Amino acid sequence: MDSSQDLCCMHLLSSNEGRFIAFTDSSWTRYTEFASKWNVFPCKERDVAVEALDRLSLTMEGINTCPRPMPSAELMPGYHRQCYNRFCDIQKVRRQEKAASKKEASREDVHHDWLTHPPIAGGLKQRN
């Protein structure tokens, strides 16, 4: 009897219903591509990937060159189809990129305003 624990490396849904699928070389490659994309954003997808890689004794650094982890007596790395579809959704990545770009532009605008209109020395004072 197999006593290994299924490890959904893309577990984004609260339920774990659905069939668990072990990684193939192609699904692992796609996973690592998206894990690298998510890694630059502070988001749930990044946290899920980092946690799963930690359990596999891997890190994000060099993940794209890392071979597919093989099942062990303790862990069966893979995914649920619904989790895979959400994690590997290029539209979600693009929305995250767009939001990050807007946030960065906003920060640059504030920085530019500060350079052209520095705060008043001594700060604001209340009128009597």
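The values are calculated or read from the model by the stated rules, or taken from the named source; none is laboratory data. Predicted, not measured: the structure shown is a model, and the values here were computed from it. We place every Cβ from the backbone using ideal geometry, glycine too, and count neighbours over all the protein chains shown. Ligands, DNA and RNA are stripped out before the accessible areas are found, and what is left, the full protein with its side chains, is counted by its heavy atoms. Shrake-Rupley method; radii C 1.70, N 1.55, O 1.52, S 1.80 Å.
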Here is a list of conditions, (1) more than 18 Å from Met76 (Cβ to Cβ); (2) buried (at least 18 other Cβ atoms within 10 Å of the Cβ), and Tyr31 meets all of them except one; can you say which number that is?
(1)
Out of all the residues in the range 52-96, which are open to solvent by less than 90 Å² (accessible area, probe 1.4 Å) and either under 15 Å from Pro42 (Cα atoms) or basic (Lys, Arg) (or both)?
Met60, Arg68, Phe87, Lys92, Val93, Gln96
If you check Val40 against the conditions, is it out of contact with any Pro (no Cβ under 8 Å at 6 or more places or on another chain) and open to solvent by less than 20 Å² (accessible area, probe 1.4 Å)?
no
Determine whether Lys102 is out of contact with any Pro (no Cβ under 6 Å at 6 or more places or on another chain) and exposed (fewer than 15 other Cβ atoms within 10 Å of the Cβ).
yes
